[in-house]
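Remarks on the structure that follows.
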Amino acid sequence: MTIRKATPSDTKELSILFNNHRMLHKGHDDVKACEEYLIERIKNEESVVFIAENNHNEIVGFTQLYPLFSSTNLKKLWLLNDLFVSESHRGQGISVLLMDEAKNLCRETKAHGIILETDKTNIVGNKLYPRTGFKLDTEHNFYAWDNN
């Protein structure tokens, strides 16, 4: 298994996994829109995407991080917004490898840390994140506002 940073040339294949990830989280099916979104994020350096490739050079998983800033800590902060491994490749430790690469990005950019959120019903994620060193924040309230 190889973990590497995605490039614009990866987006055609990556968009299929990204679309599957979105549909898992109640997004609508639109591979073309996913490809356009990924191309924009990667070309404009608005996110960092790490991909997992198997021995046949097929993309089987990815994680996407967005840069934020912490005025309290006067440092960059990364938002891990997406983590997905194709169903046929789950249970092989790929998500842990992707999480490790995200932590390496944090160290390399001298960022304060990585934040993420997941549904309470995400049993796999809620087991994975503590196992990879993430701590559940029970001291803060998170609020959201949607412009829909």
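The values are calculated or read from the model by the stated rules, or taken from the named source; none is laboratory data. Treat the numbers as computed from the prediction; the structure is a model and nothing was measured. Here the Cβ positions follow ideal geometry from the backbone for every residue, glycine too, while neighbour counts run over all protein chains shown. When the accessible area is computed, the model is the full protein with side chains, heavy atoms only, and any ligands, DNA or RNA have been set aside. Shrake-Rupley method; radii C 1.70, N 1.55, O 1.52, S 1.80 Å.
Taking all Cα pairs closer than 8 Å and separated by 6 or more residues, the relative contact order of the chain comes to 19 percent. Ranked by the mean number of other Cβ atoms within 10 Å of their residues, highest first, the peptides 135-146, 65-76 come out as 65-76, 135-146. Taking square-rooted eigenvalues a ≥ b ≥ c of the alpha carbon gyration tensor, is the stretch 8-148 rounded, prolate or oblate, where a/c under 1.5 means rounded and, failing that, a/b exceeding b/c means prolate? Note, shape of the stretch 8-148 comes out rounded. Highest GNM mean-square fluctuation among Ile123, Ile94, Ile16, for the chain modelled with Cα contacts below 10 Å: Ile123. Partners of Lys26 within straight-line reach, counting aspartates and glutamates whose Cα lies under 20 Å from its Cα and excluding those fewer than 8 residues away in the same chain: Glu35, Glu36, Asp82, Glu87, Glu117, Asp119, Asp146.
The share of accessible area on the chain that comes from carbon and sulfur is 51 percent, using a 1.4 angstrom probe.
A simple packing score, the average count of other Cβ atoms within 10 Å per residue, orders the peptides 109-115, 79-85 as 79-85, 109-115, with the highest score first. Note on the chain: GNM, Cα springs under 10 Å; of Glu108, Glu45, Glu58, the largest mean-square fluctuation is that of Glu108.
Mean residue ellipticity at 222 nm, helices only, the chain: -11000 deg cm²/dmol; runs of at least 4 DSSP H residues each add -39,500 (n - 2.57), and the sum is divided by the number of residues. Between Tyr66 and Ser88, what FRET efficiency follows from the Cβ-Cβ distance if R0 is 25 Å, with the result rounded to 0.05? Result of the calculation: an efficiency of 0.35.
Protein heavy-atom accessible surface, 1.4 Å probe, per residue over the stretch 94-148: 84 Å².
Tell me, what is the FRET efficiency for Glu58 and Leu128 to the nearest 0.05, using R0 = 25 angstrom and their Cβ-Cβ distance as r? Calculated value: 0.70.
Pairs of Cα atoms in the stretch 1-44 fall into 5 Å distance bins, from 0 up to the last occupied one, in shares of 5, 25, 29, 22, 14, 5 percent. What residue among Glu35, Glu87, Glu53 shows peak mean-square fluctuation when the chain is described by a Gaussian network model with Cα springs under 10 Å? Answer for the Gaussian network model of the chain: Glu87.
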